[in-house]
Amino acid sequence: MARVAHIERRPIHPMLVFFPVALLVWAVLCEFFWRGGGNWFWYKAGWYSMGGGLIGAVVAALFGFNDFMAIRDVETKRKAATHMLLNVIWLALFIISFFIRLPLAHQSAPPANGVMPGGYNAAFILSLIGVAFLAVSGWIGMGMVFIDGMAVDLKVACEHEKEIHGAAAQPAD
């Protein structure tokens with residue numbers, strides 16, 4: 001097991017990533033709700049969700065980078081580097097989208113003429129692309145944890161397996 005930041009042997013990075021993922025995907029869903037129904041609430045809810053997701057992503061990234069530096073296995077390090085690069089890409093896309101949306105975020109209603117400022121559709125497209133990168137990165141990250149055993153204490157896992165299956169799990173002689 002790579003030496004990762006943990007609490008009671010539970011790695012912190014995997015605990016934290018669910019918050020930004022949920023908030024950023026929710027932000028994109030809010031965009032669809034707003035575009036579908038025109039209720040300004042959804043625009044604002046999406047913008048604030050995106051902001052919270054970005055803050056959470058930066059915090060998770062700090063722990064993720066710590067985990068990355070602890071990896072010694074070359075193949076796992078390669079996967080982790082790909083995961084990190086994809087994370088940097090989607091984070092940049094969402095940051096750009098967030099700041100394009102900023103001028104309207106504090107208004108109580110959409111523009112009176114109903115026309116959104118330039119770049120607004122680009123912000124939406126950046127968010128959609130960001131979610132795609134986020135999904136691929138998440139797939140790689142979950143594979144490292146659940147398939148490759150990154151941050152899994154094999155000694156504890158084997159002892160737990162023996163407790164569950166007992167003697168029945170032992171191969172016959």
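The values are calculated or read from the model by the stated rules, or taken from the named source; none is laboratory data. Here the structure is a predicted model, which is why all the values come from computation and not from measurement. With ideal geometry, Cβ positions are generated from the backbone for all residues, glycine too; neighbour counts draw on all protein chains shown.
For the reader, a short list of remarks on this structure follows.
- Restricting attention to region 38-67, the residues that are within 25 Å of Pro11 (Cβ to Cβ) and polar (S, T, N, Q) total 1.
- Answer residue from region 1-24, given it is crowded, with 18+ Cβ neighbours inside 10 Å and of a type in the set (Val, Ile, Thr) and is nearest to Tyr120 (Cα to Cα) among those: Val21
- Some residue of region 10-26 being part of a helix (DSSP H, G or I) and either of a type in the set (Gly, Ala, Ser) or more than 16 Å from the chain's Cα centre (by Cα) (or both): yes
- Taken together, the criteria exclude Met84 from residues that are surrounded by fewer than 19 Cβ atoms within 10 Å (Cβ to Cβ) and over 16 Å from the mean Cα position of the chain (by Cα).
- Near pairs, Cβ below 6 angstrom, 6+ apart or cross-chain, from region 70-92 (touching a residue at least 40 places away in the same chain (Cβ under 8 Å)) to any residue that is assigned to a helix (DSSP H, G or I) and among the small types (Gly, Ala, Ser): Ile71/Ala80; His83/Ser137; His83/Gly141; Leu86/Ser137; Asn87/Ser137; Trp90/Gly130
- Filtered residue count, region 85-122, keeping only those that are outside any helix (DSSP H, G or I) and either among the β-branched types (Val, Ile, Thr) or closer than 17 Å to Val58 by Cα (or both): 1
- Flag for Glu163 being modelled with pLDDT under 85, part of a helix (DSSP H, G or I) and among the charged types (D, E, K, R): yes
- Filtered residue count, region 26-56, keeping only those that are among the β-branched types (Val, Ile, Thr) and either closer than 16 Å to Leu102 by Cβ or surrounded by fewer than 18 Cβ atoms within 10 Å (Cβ to Cβ) (or both): 1
- Flag if Thr82 is assigned to a helix (DSSP H, G or I), at pLDDT below 95 and of a type in the set (Val, Ile, Thr): no
- Considering only residues in region 123-136 that are of a type in the set (Gly, Ala, Ser) and either outside any helix (DSSP H, G or I) or in contact with a Ser or Thr (Cβ under 8 Å, 6 or more places away or on another chain) (or both), the one that is modelled with the lowest pLDDT turns out to be Ala123.
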